[in-house]
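**Q** Quick one: the structure is below, and I'll ask about it shortly.
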Amino acid sequence: MDLLEFARGPAMQWALIILVLGITWRVAGIVFLKRKSDLSEPRTHGQWFGAVRTILSRSVPAPAFRSRVLYSNLLGYTFHIGLAIVVFAYMPHILWFESILGFQWPALPNAVISVAAVVTLFSLVALLVRRLTSPVLRLISNFDDYFSWVVTVAPLVTGLMAVADMGVGLRYETLLAVHLLSVWLLFIWLPFGKLGHAFLVFLSRGTTGALFARRGART
Amino acid sequence: MDQGKTPQTLGEELRRRGMSRRTFLKFCAAVASSMALPATMAPVMAEALAGARRQSVIWLSFQECTGCVESLTRSYAPSLESLIFDFISLDYQHTLQAAAGHQAEEAREAAMKAHWGKYLVIVDGSIPLKDGGVYSTVAGETNLDTLRHVAEGAAAIISVGTCAAFGGLPKAHPNPTGAAAVTDIIKDKPVINVPGCPPIPEVMTGVIANFLTFGKLPDMDHLNRPLAFFGDTIHDRCYRRPFYRRGQFAKRFDDEGARNGWCLYELGCKGPVVHNACATTKWNQNLTFPIQSGHGCIGCSEPNFWDKGSFYAPLSSGRWGSAEGIAAAAVVGTTVGIGSAMLSRARQSDIIKKG
């Protein structure tokens, strides 16, 4: 079995198994935690509304902090949207999803994907520079932050290298295998580190919003 | 030239057949360029080839379908390539030789003895190793014994076709005969692989011309394939690549995309990971190749191409087996999650009780 076959077969199967196992573990572990019983009279019954409202309201910076967080917010949005375009609008990726889900959707031309990937990459580099140059951010950053950055950037870099066939001596099939393996590394790490926000962000925001709404706090 | 006299060199043979020097030089320039040799090598090659004496070749056919022989010998019209095949002294070849039975085996032994250390061995077909190699024998001798015996006195070996080069179809799972490639068995001789199912005739011509000119095999890649022909992928040189870049893919063999000649990636084309010269050298006298005829590349010049999933599954589709593993992971994950939450609840209760 060559490296590409390993990446397309067993490595992918195990990465998906670990991804699903990790996500269900994290979500079930949180959902079934003991909750403090709230004996007070609810101020409002629109808790679902409060949950949705918080999910939306916290997606834009609060006016008081806007100027201070604008840089990271804009770059954050740029790379998240860029990643979404690269992952979900590139035909080979769509075909991978189709092999699992059984259906596909329209793709964007490769040139658009390449531009999105490069913009995403620069945004991520700019955010890393900010993390390294800001004393506060450096102080609160740990291994999880840096490793999560590496496993997010690695598929982008290896994917761009594979598309451009710039293998620093490596053949295309090796580049493709390395790209796949870097994605599987992201899958394996995703449930256990800060990248877990991918599936926890709306759960935690929604919970906070619902609690606030019950207590009559502004969300 | 005396028509009755047996030509001693390739030059004499070509002149006898009315081949002009100009045509011969053009052929040498084409071969030199296809082998990625500098243009200045064309006259050198012409001189060396013209003076080359008949090269003794012993062709061993093992677990094969004769498709490779068909590909190499049945060109559309007589060509210089076929003349080179005519010129080499093919001292042993089951399908093409007139002799049969013991006479054929004796001819092989005689050729080996006469050209010991200098003859070329061409192998097509894989070699069965299981159960002592009994699954393919010729004249009572296993392919394994024949190969070892004949390879002993060979100057070099050319493995023709994917079966000889990598095991091919006979090696496909579950490989009932224990089929192996030539390079799995012969370690002490120069071996070049010319894979393909079948291989491109011009690649064979290039390899033989290179050997006759320089007395050695050409530069090879990590799978022992001639680098000049296997350096690029099919995708690198595919005329449909602009459609790939634009994201225009045929989704069915009879849809509008297929009729417009769009990229066949979605229909399972393996071109991006397959190294061969089909897209440049092409087939049937440089007329066409499978992708041009509307079918994706199946990757026949790569090892184990039979066992790499469906020919019609896109390259980027994963081979993830079944959903059972994922379902089991979800069940285990949920159970572990609930278990850890319960553990946390119990600890919280303890803390509250202790108050």
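**Q** On a straight-distance basis, which aspartates and glutamates could pair with B:Lys216 in a cross-link, Cα separation under 16 angstrom, same-chain partners fewer than 8 positions away excluded?
**A** In chain and number order, the partners are B:Asp188.
**Q** Now for a separate question. To the nearest 10 degrees, how steeply does helix B:101-114 sit against the main Cα axis of chain B, on a 0 to 90 scale?
**A** 80 degrees
**Q** So, one more: Quick one: net charge around A:Leu181, please, counting Lys, Arg +1 and Asp, Glu -1 for every other residue with C-beta under 14 Å from its C-beta. Show your work: numbers first, answer last.
**A** Numbers: positive: A:Arg8; negative: A:Asp2, A:Glu5, A:Glu173.
Taking every other residue near A:Leu181 into account, the sum is -2.
**Q** Enumerate the calculated ³J(HN,Hα) couplings along region B:234-246 in order (Karplus 6.51 cos²θ - 1.76 cosθ + 1.60, θ = phi - 60°), each rounded to whole Hz, writing x wherever the residue is Gly or Pro.
**A** Values per residue, Gly and Pro as x: 4, 4, 3, 10, 6, 6, 8, 4, x, 5, 4, 4, 7 Hz.
**Q** Between B:Arg17 and residues 5 or more places away or on another chain, which pairs have amide H atoms under 5 Å apart, with H built 1.01 Å from N, and which residues are they?
**A** Excluding prolines and chain starts, which carry no amide H, there are no hits.
**Q** For region A:79-144, what is the per residue volume of the convex hull drawn over the alpha-carbon atoms, in cubic angstrom? Walk me through the intermediate numbers first.
**A** Numbers: hull volume 6.3 nm³, N = 66.
Looking at region A:79-144, the number lands at 95 Å³ per residue.
**Q** Right, here's the next one. For the cross-link pairs B:Lys113/B:Lys187; B:Lys26/B:Lys270; A:Lys194/B:Lys251; B:Lys130/B:Lys251, which exceed 32 Å when the distance is taken from alpha carbon to alpha carbon?
**A** Values: B:Lys113/B:Lys187 22 Å; B:Lys26/B:Lys270 34 Å; A:Lys194/B:Lys251 39 Å; B:Lys130/B:Lys251 43 Å.
Over 32 Å Cα-Cα: B:Lys26/B:Lys270; A:Lys194/B:Lys251; B:Lys130/B:Lys251.
**Q** Under 10 Å, Cα contacts only: if you run a Gaussian network model on chain A, which one of A:Val31, A:Val20, A:Val157 comes out with the highest mean-square fluctuation?
**A** It is A:Val31.
**Q** Something else: So what J values fall out for region A:135-143 if you push phi through Karplus, 6.51 cos²θ - 1.76 cosθ + 1.60 with θ = phi - 60°, rounded to Hz, Gly and Pro as x?
**A** Result, rounded to whole Hz: x, 5, 4, 4, 5, 9, 8, 10, 3.
**Q** Measuring with a 1.4 Å probe in the full set of protein chains, what accessible area per residue, in whole Å², belongs to region A:1-158?
**A** Working: 9580 Å² over 158 residues.
Solvent-accessible surface per residue comes out at 61 Å².
**Q** Averaged across A:3-16, how many Cβ atoms of other chains sit within 10 Å of each residue's Cβ atom? Numbers along the way, then the final one.
**A** Numbers: counts 0, 4, 6, 0, 2, 8, 6, 3, 1, 4, 7, 2, 2, 7.
Shielding by partners across A:3-16 averages 4.
**Q** Taking Cα centroids, how far is region B:190-249 from region A:144-206 in Å?
**A** 33 Å
**Q** Please label the shape of region A:1-98 as rounded, prolate or oblate, based on the square roots a ≥ b ≥ c of the eigenvalues of the alpha-carbon gyration tensor (a/c under 1.5 means rounded; beyond that, a/b larger than b/c means prolate, else oblate). Display every interim value, and only then the final one.
**A** Values: a/c = 3.03, a/b = 1.48, b/c = 2.04.
In terms of gyration-tensor shape, oblate.
**Q** Here is a follow-up. With an 8 Å cut-off on Cα pairs and a minimum separation of 6 or more residues, tell me the relative contact order of region A:127-209 in percent. Before the final figure, lay out the partial values.
**A** Numbers: 44 pairs, mean separation 23.2, N = 83.
It rounds to 28 percent for region A:127-209.
**Q** Would you mind counting up the charge near B:Lys130? Only other residues with Cβ under 14 Å from its Cβ, with Lys and Arg at +1 and Asp and Glu at -1.
**A** Values: positive: B:Lys171; negative: B:Asp131, B:Asp184.
Net local charge, B:Lys130 excluded: -1.
**Q** Where a Cα-Cα gap under 13 Å defines reach, which aspartates and glutamates qualify for B:Lys308, not counting those fewer than 8 residues away within the same chain?
**A** A:Asp2, A:Glu5
**Q** In addition: Quick one: angle between helix B:41-51 and the longest Cα principal axis of chain B, in degrees between 0 and 90, rounded to 10, please.
**A** 50 degrees
**Q** Cα axis of helix A:66-89 to longest principal axis of chain A: angle in degrees, 0 to 90, nearest 10?
**A** Approximately 50 degrees, to the nearest ten.
**Q** Any idea how far the Cα center of region B:328-355 sits from the one of region B:25-56, in Å?
**A** 78 Å
**Q** What percent do you get for the relative contact order of chain A when only Cα pairs under 8 Å and 6+ apart count?
**A** Across chain A, relative contact order equals 40 percent.
**Q** Taking amide hydrogens as modeled 1.01 Å from N in the peptide plane, which residues meet the under 5 Å criterion relative to B:Leu60, leaving out close sequence neighbours?
**A** B:Ile122, B:Val123, B:Asp124
**Q** List every residue whose amide H lies under 5 Å from the amide H of B:Ala180, counting only residues 5 or more places away in sequence or on a different chain, with H placed 1.01 Å from N in the peptide plane.
**A** The list, which skips near neighbours in sequence, is B:Ile127, B:Leu129.
**Q** Can you give me the Cα centroid spacing of region B:113-155 and region A:69-116 in angstrom?
**A** Region B:113-155 and region A:69-116 have Cα centres spaced 54 Å from each other.
**Q** Springs between alpha-carbon pairs under 10 angstrom, Gaussian network model over chain B: which of B:Asp219, B:Asp145, B:Asp255 fluctuates most?
**A** So, out of B:Asp219, B:Asp145, B:Asp255, the one fluctuating most is B:Asp255.
**Q** Moving to a separate point now. Looking at region A:9-115, which trypsin sites (Lys or Arg not before Pro) are DSSP coil and have at most 11 other C-beta atoms within 10 Å of their C-beta?
**A** Answer by residue number: A:Arg35, A:Lys36.
**Q** Given an 8 Å cut-off on Cα distances and at least 6 residues of separation, report the relative contact order of chain B as a percent. Mind dumping the intermediate values first?
**A** Details: 573 pairs, mean separation 47.2, N = 355.
Relative contact order comes out at 13 percent.
**Q** At the nearest 100 Å², what buried accessible area, both sides summed, do you get for A and B when the probe is 1.4 Å?
**A** Values: alone 14370 and 18350 Å², together 29370 Å².
By this definition, chains A and B bury close to 3300 Å².
**Q** From the helices alone, meaning DSSP H stretches of at least four residues, give me the mean residue ellipticity at 222 nm for chain B, per-run term -39500 (n - 2.57), in deg cm²/dmol to the nearest 500.
**A** Taken over chain B, the calculation gives -11500 deg cm²/dmol.
**Q** Let me ask you something else. Using every pair of alpha-carbon atoms in region A:115-173, split the distances into 10 Å bins beginning at 0 and state the percent of pairs per bin, rounded to integers.
**A** 20, 41, 27, 11, 1
**Q** Quick one: net charge around B:Lys308, please, counting Lys, Arg +1 and Asp, Glu -1 for every other residue with C-beta under 15 Å from its C-beta. Don't skip to the end; give the middle numbers.
**A** Values: positive: A:Arg8, B:Lys171, B:Lys270, B:Arg319; negative: A:Asp2, A:Glu5, A:Glu173, B:Glu302, B:Asp307.
My count for the surroundings of B:Lys308 gives -1.
**Q** So how many Å³ per residue does the convex hull of the Cα atoms of the protein assembly as shown work out to?
**A** 217 Å³
**Q** Please average, across the residues of A:30-40, the number of beta carbons from any other chain that are within 10 Å of each residue's own beta carbon, and give a whole number. The partial results should precede the final answer.
**A** Details: counts 3, 4, 9, 7, 9, 1, 1, 0, 0, 0, 0.
Other-chain Cβ atoms within 10 Å of each residue's Cβ, averaged: 3.
**Q** Carbon and sulfur atoms: what percent of the 1.4 Å accessible area of chain A do they account for?
**A** Numbers: 9160 of 12670 Å².
Roughly 72 percent, rounded to a whole number.
**Q** Quick one: among B:Val160, B:Val274, B:Val336, which has the greatest mean-square fluctuation in a GNM of chain B with alpha-carbon springs under 10 angstrom?
**A** Maximum fluctuation in the GNM of chain B, among the listed residues, is at B:Val336.
**Q** Given a Förster radius of 30 Å and the C-beta distance between B:Glu70 and B:Ala139 as r, what FRET efficiency does 1/(1 + (r/R0)^6) yield to the nearest 0.05? Write down the numbers at each step before the final one.
**A** Numbers: r = 23 Å, r/R0 = 0.78.
Given R0 = 30 Å and the Cβ-Cβ separation, E is 0.80.
**Q** So what's the convex hull volume per residue for the Cα atoms of region A:70-219, in Å³? Could you put the intermediate results ahead of the total?
**A** Details: hull volume 24.1 nm³, N = 150.
Taking only Cα atoms, region A:70-219 has a hull volume of 160 Å³ per residue.
**Q** Which of rounded, prolate, oblate describes region B:141-207, given a ≥ b ≥ c as roots of the alpha-carbon gyration tensor eigenvalues and a/c under 1.5 marking rounded, otherwise prolate only if a/b is larger than b/c? Each step should come with its number before you reach the end.
**A** On the way: a/c = 2.27, a/b = 1.06, b/c = 2.14.
Here region B:141-207 falls in the oblate category.
The values are calculated or read from the model by the stated rules, or taken from the named source; none is laboratory data. Since the model is a prediction, treat every value here as computed from it, not as a measurement. When we count neighbours, we look across all protein chains shown, and the Cβ atoms used for this are built from the backbone with ideal geometry, even at glycine. All accessible areas refer to the heavy atoms of the entire protein, side chains included, with ligands and DNA or RNA removed. Shrake-Rupley method; radii C 1.70, N 1.55, O 1.52, S 1.80 Å.
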